[in-house]
Amino acid sequence: MLSQNLQDLKQPSSSAEEFLRNIELADLIQKQIFATIIKKKLDLSESEMKIWIAGCSTGQEVYSLAILLKETIESMDENLEMEFKIYATDLDYDSVKIAGAGVYPNTAFENVPSDILNKYFDKMQDYYVVKKSIREHIIFAPHNIAKDPGFHHLDFISCRNVLHYFQPTQKQRIISSFHHSLNEDGYLFLGQSGSIGDSKELFRVINKKWKIYIKQEVEDRKRSEDAGLHAIQEKSQEGKELQLLNEELLQAKERIANLQVKLEDMHIDYEDKYETLKIDSYHPILFVKGLLQIIKKQEFYKEEYAAAMLKEMTKLELAIENFQADQQ
């Protein structure tokens, strides 16, 4: 399997810009998830798998999973006829366009074995382009998991490290939607920072580290009896959360104005040390301002990006405090 070929390479970095970057996770997905799904499909005389990657960003995870799946199928039987379809979606339209193009710089492939690289990508000057043999299995589309209808009859959903950006009521509704979208014994992958929250009756955890779950059936009678009450509770709770968000956004605009003044003053006083304020290889003030612009232009983005913006602002404020403390 592909994950075994990765063992001889250096330890992958944490960059989300790289392909197939975690050996342990690749091995887990191939052996415990994809292989299990394929065996069950064969037992049921079915010949197609369906996957949804919700929050696909610029596509590295999408193509990585597609390659892992194709390699898993081939490793089980060279003549195995198992088709697969991957729905790859993201809230950000520009990210979806980049992912759909399937063009990436050389630096994104530091941890990819040469045989896999040549098999699934074409070299174009300083870039690599995803080959048709992988691209034809994937459908890219903009999608808001909090509001748009989901897909159905899925075997695997990846919504990796995304749900923590949503408010609690939204998160629970999304988890419920994922449950509805999955086939019996379907898998949900949330990533290390993910969680199903209060929806423990819907999924059973099979890997705590990577937050991988398997669908559990829920009695129809119980669900129908609780549906009306849950709808009323959700509506009331969502209204409170949205009101809180609006208040936080107003505070955020004031905070960012104050931070901008501090940064400009510090840039003048400590120009040679100003670079130490950069966090994770990007300028945090620009990231926060970019989120504010998104919220200003697209009202429906407000809920999804507010949490991310406030988190980054807290990080920036802490960086400024530490910086100033070091100068005293």
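The values are calculated or read from the model by the stated rules, or taken from the named source; none is laboratory data. No experiment lies behind these values; they were computed from the predicted model shown. All Cβ positions, even for glycine, are placed from backbone atoms using ideal geometry, and neighbour counts span all protein chains on display. Surface areas here come from the heavy atoms of the whole protein model, side chains and all, with no ligands, DNA or RNA. Shrake-Rupley method; radii C 1.70, N 1.55, O 1.52, S 1.80 Å.
What nm distance separates the two modelled labels at residue 125 and residue 185, each placed 7 Å from Cα along Cα→Cβ?
Once both label points are built, they end up 5.0 nm from each other.
Determine the share of segment 1-215's accessible area contributed by carbon and sulfur atoms, expressed in whole percent, with a 1.4 angstrom probe. Walk me through the numbers on the way to the answer.
Numbers: 4670 of 9940 Å².
Ligands and nucleic acids excluded, carbon and sulfur give 47 percent.
Skip the ligands, DNA and RNA, and give the accessible area per residue of segment 52-125 with a 1.4 Å probe, whole Å². Write out the running numbers ahead of the final one.
Details: 3140 Å² over 74 residues.
I get 42 Å² per residue for this part.
Ordered by residue, what ³J(HN,Hα) values in Hz, to whole numbers, does segment 161-173 give under the Karplus form 6.51 cos²θ - 1.76 cosθ + 1.60, where θ = phi - 60° and Gly and Pro are x?
Computed from phi, the couplings for segment 161-173 are 6, 10, 5, 5, 7, 9, 6, x, 5, 4, 4, 5, 5 Hz.
Distance check, please: which entries in 31/85; 132/209; 97/131; 31/123; 147/209; 97/132 exceed 27 angstrom between their Cα atoms?
Values: 31/85 19 Å; 132/209 34 Å; 97/131 17 Å; 31/123 30 Å; 147/209 29 Å; 97/132 17 Å.
Violating the 27 Å Cα-Cα cut-off are 132/209; 31/123; 147/209.
Per residue of segment 134-146, in order, report the coupling 6.51 cos²θ - 1.76 cosθ + 1.60 (Karplus, θ = phi - 60°) as ³J(HN,Hα) in whole Hz, putting x for Gly and Pro.
9, 4, 5, 8, 10, 10, 9, 7, x, 6, 10, 5, 7
In square angstrom, rounded to the nearest 10, how much accessible surface does residue 81 have for a 1.4 Å probe?
Solvent-accessible area, nearest 10 Å²: 150 Å².
How would you rank 99-107, 52-60, 174-182, 123-131, highest first, on the average number of other Cβ atoms within 10 Å across their residues? Before the final figure, lay out each step's value.
On the way: 99-107: 16.6, 52-60: 24.0, 174-182: 21.1, 123-131: 13.3.
Peptide ranking by packing, descending: 52-60, 174-182, 99-107, 123-131.
Which one of 210, 153, 65 is farthest out on the positive end of the charge dipole of segment 1-215, using unit charges on Cβ (Lys, Arg +1; Asp, Glu -1) and the Cα centre as origin?
Positive-end residue among those listed: 210.
Taking H placed 1.01 Å from N in the peptide plane, check which residues at least 5 places from residue 88 or on another chain put their amide H under 5 Å from its amide H.
Long-range HN contacts for residue 88: 53, 139, 140, 141.
Given the whole protein assembly as supplied and a 1.4 Å probe, what does the accessible area of residue 49 come to in Å², nearest 10?
Result for residue 49: roughly 0 Å² accessible.
About the Cα centre, and with charges only on the beta carbon of Lys, Arg (+1) and Asp, Glu (-1), how big is the dipole of segment 1-215? Nearest 20 debye, please. Walk me through the numbers on the way to the answer.
Numbers: 25 positive and 29 negative charges, 128 e Å.
Once rounded to the nearest 20, the dipole reads 620 debye.
How would you rank 200-210, 162-172, 134-144, highest first, on the average number of other Cβ atoms within 10 Å across their residues?
Details: 200-210: 14.7, 162-172: 19.4, 134-144: 16.8.
The peptides rank, most packed first, as 162-172, 134-144, 200-210.
How many nm separate the modelled label positions at residue 209 and residue 148, each set 7 Å beyond the Cα in the direction of the Cβ?
3.4 nm
Once you place label points 7 Å from the Cα toward the Cβ at residue 24 and residue 318, how far apart are they in nm?
Using points 7 Å along Cα→Cβ, the separation is 2.3 nm.
Taking amide H positions as placed in the peptide plane 1.01 Å from N, state which residues far from residue 182 in sequence (5 or more) or on other chains have amide H under 5 Å from it.
Counting only residues 5 or more places away or on other chains, the set is 154.
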